[in-house]
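The values are calculated or read from the model by the stated rules, or taken from the named source; none is laboratory data. Keep in mind the model is a prediction, meaning the values are calculated, not measured. Note that each Cβ is placed from the backbone with ideal geometry, even for glycine, and that neighbours are counted across all protein chains shown.
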Amino acid sequence: MSSNLARLDRRRLAALIRKEAVQIVRDPSTLLIAFVLPILLLFIFGFGVSLDANSIRVGMVVQDSSPQADSLAQAFRASPYLEIEESPAIQPLRERLVANRIRAMIVIPQEFGASIDRRAPLPIQVATDGSQPNTANFAAAYVQGIYGTWIEQQGMAHFAPTVGVNARYWWNPELKSRFFLIPGSITIVMTMIGTLLTALVVAREWERGTLEAMMATPISMTEFIASKLVPYFVLGLGSMALCTVLGIVVFGVPLRGSILALFLLASAFLVPALGLGLFISAATKNQFVASQAALFSGFLPSFLLSGFIFEISSMPKVIQMVTYLVPARYLIPPLQTVFAAGDAWGMFARNIAVMLAFGAFFFFLAYRTTRRSLD
C-alpha cells in the first residue's frame, strides 16, 4: 500500500464513520446486542445470580423439653440467616438433607437443659450438605455463632471465646454480592460489544464482499480501522452508561468514584476488545467462525478467568499465569473499586496502561492480517 494511502483524510474518515453508523442503526441485531442483551444480562446477574448465603434452609430436631433447649431453639428461629424447618425425629430431616431440600441439620440433644444447669453444656450436633461447600461453611458458621452468643448470654463466659472479634467490612458492610457482580457484568457487556459484535459485523461484510470493494478505493488502513473503531467504541460506552444507570437506580449499587474514572477505564478496555474483534474478523472472514473465535478468545476468558465469578488466587498456579493474558482481568478490579470504594488512580493508571498495550498489539495484528488479505 503506497505511502499516500497511509495518510488520514478527515473528510473521507467522517464519511466512513457515517456509513458505519447508518449500518448500525439499520441493523436490528446490532441494536439488540448493544442495548437489549446488556439489560437482560444485568437483570440476570442482579436478581438471578446471588452469592449471598442468606436464608439457608436448616432442619432442627429438639430432643430435650427443657426451657434451656427451647430458648436455644428460639435463638435459631430468630436468626435472619436461617430458615428453620422443625421435625420431631432425625430421619425425616436426614432424608430432606439427602434430597437437597435443606442445607444443614441441627440436633439439640437430650439432657441439654440439665447440662446447662451443671454449667457443662453438651455440644449440639450440626450436619451440613457438603455438595455445596460454600453454603455448608456459611451454615456451620451461622449455627456456631448463634450457639456461642447464646452460651455467653447464659452467663457461661468461660465457654465463650476468650478473644472478642469486632468484624468490620469496608465499602460493602452488608456483603451484598451484587455490589461486585454488577460491575463485573458491565465488563462482560463491553466484551460482547467490543469483541463479539465487531467480529460478527465485519465478518459479515467480508462474506458479502463489501469490504473488498471498499478496500479497492483509495482509503488507507488507518482510515479503515478507525472507521470500524469509532462507531463501536461509542456504542460500547453508551451501553456501559446504560448499565451503570440501571445498576445504580434499579440495583442500588453505589458509585463512589468519579464519572471520569469510570469512562477512562471503560475506554481503555474497549481498545483491546475492539482490536481483538477486528483481528478475528480479518483472520476468519466468516461469521460462524468469527462468532466461535470471539466466544472462546473473548467472552469465556472474560467470564471465567478475570476474577468476575471465581477468585484468581484460588485457581491453580498455571491458570493464574494464563489470567495475565486476559484484558478483562485488568478492568474488573478497578471497576469494582470505582463503584464500591472510590478513585484509586495509582491502581487505575497501571491497569489502563496494560489494557492499552493489549489494544496496540491486537490492532497491529488486525492491520497486518488485513493487509495480507488484500495483497
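Leu335 meets the conditions (1) within 27 Å of Ser258 (Cα to Cα); (2) surrounded by fewer than 23 Cβ atoms within 10 Å (Cβ to Cβ); (3) aliphatic (A, V, I, L, M) in every case but one. The failed one is (2).
Restricting region 307-332 to residues that are among the aliphatic types (A, V, I, L, M) and surrounded by fewer than 19 Cβ atoms within 10 Å (Cβ to Cβ), which is nearest to Leu264 (Cα to Cα)?
Residues of region 307-332 that are among the aliphatic types (A, V, I, L, M), as a first pass: 309, 312, 315, 318-319, 321-322, 325-326, 328, 331-332.
Those still in the list that are surrounded by fewer than 19 Cβ atoms within 10 Å (Cβ to Cβ) too: 309, 312, 315, 318-319, 321-322, 325.
Numbers: Ile309: 24, Ile312: 24, Met315: 29, Val318: 31, Ile319: 28, Met321: 26, Val322: 25, Leu325: 21 Å.
Top of the filtered list is Leu325.
Restricting to region 19-42, what's the tally of residues that are surrounded by 15 or more Cβ atoms within 10 Å (Cβ to Cβ) and within 27 Å of the chain's Cα centre (by Cα)? Number of matching residues: 9.
Looking only at region 230-250, residues that are surrounded by fewer than 23 Cβ atoms within 10 Å (Cβ to Cβ) and either among the polar types (S, T, N, Q) or free of Cβ contacts under 8 Å to residues at least 40 places away in the same chain (or both) come to 6 in all.
The set of residues in region 285-327 being under 12 Å from the mean Cα position of the chain (by Cα) and on the phi > 0 side of the Ramachandran plot consists of Gly307 alone.
All of Ala341, Ala349 fail the test of being surrounded by fewer than 18 Cβ atoms within 10 Å (Cβ to Cβ), under 19 Å from the mean Cα position of the chain (by Cα) and closer than 21 Å to Pro183 by Cβ, apart from Ala341. Among the residues of region 74-91, those that are free of Cβ contacts under 8 Å to residues at least 40 places away in the same chain and under 38 Å from the mean Cα position of the chain (by Cα) comprise Gln74, Arg77, Ala78, Pro80, Glu83, Ile84, Glu85, Glu86. Among the residues of region 45-60, at least one is within 30 Å of Arg94 (Cβ to Cβ), modelled with pLDDT of 85 or more and among the β-branched types (Val, Ile, Thr).
Taking region 328-350 as the range and being of a type in the set (Gly, Ala, Ser) and either assigned to a helix (DSSP H, G or I) or at negative phi (or both) as the test, the residues that pass are Ala328, Ala340, Ala341, Ala344, Gly346, Ala349.
Across region 127-149, the qualifying residues are those that are outside any helix (DSSP H, G or I) and polar (S, T, N, Q), and the one among them that is modelled with the lowest pLDDT is Ser131. Give me the pairs: first residue in region 293-306 and crowded, with 21+ Cβ neighbours inside 10 Å, second residue of a type in the set (Phe, Trp, Tyr) and at pLDDT below 90, beta-carbon distance under 9 Å, and six or more apart or on different chains, which are they? The qualifying pairs are Ser302/Phe308.
Out of region 211-229, which residues are surrounded by 14 or more Cβ atoms within 10 Å (Cβ to Cβ) and of a type outside the set (A, V, I, L, M)? Ser220, Thr222, Glu223, Phe224, Ser227, Lys228, listed by residue number. Taking Ala226, is it at negative phi and either in contact with a Ser or Thr (Cβ under 7 Å, 6 or more places away or on another chain) or not assigned by TED's automatic domain parsing to the domain that holds Ala293 (or both)? When the stated conditions are applied, Ala226 does not pass them. Restricting attention to region 164-202 and to residues that are closer than 22 Å to Cys243 by Cα and either of a type in the set (Phe, Trp, Tyr) or not in a helix (DSSP H, G or I) (or both), the residue that is modelled with the lowest pLDDT turns out to be Leu175. Picking from residues in region 136-150 that are in contact (Cβ under 8 Å) with a residue 24 or more places away in the chain and out of contact with any Phe, Trp or Tyr (no Cβ under 7 Å at 6 or more places or on another chain), the one that is nearest to Ser79 (Cα to Cα) is Val143. Are any residues in region 100-135 polar (S, T, N, Q) and without any contact (Cβ under 8 Å) to a residue 60 or more places away in the chain, and if so, which ones? Once the filter is applied, which keeps residues that are polar (S, T, N, Q) and without any contact (Cβ under 8 Å) to a residue 60 or more places away in the chain, region 100-135 yields Asn100, Gln110, Ser115, Gln125, Thr128, Ser131, Gln132.
For beta carbons closer than 7 Å, sequence separation of 6+ or different chains, a first residue in region 261-290 that is over 13 Å from Phe362 (Cα atoms) and a second that is buried (at least 22 other Cβ atoms within 10 Å of the Cβ) and β-branched (Val, Ile, Thr), the qualifying pairs are Ala261/Val338; Leu262/Thr244; Leu262/Val338; Leu265/Val338; Ala290/Ile280.
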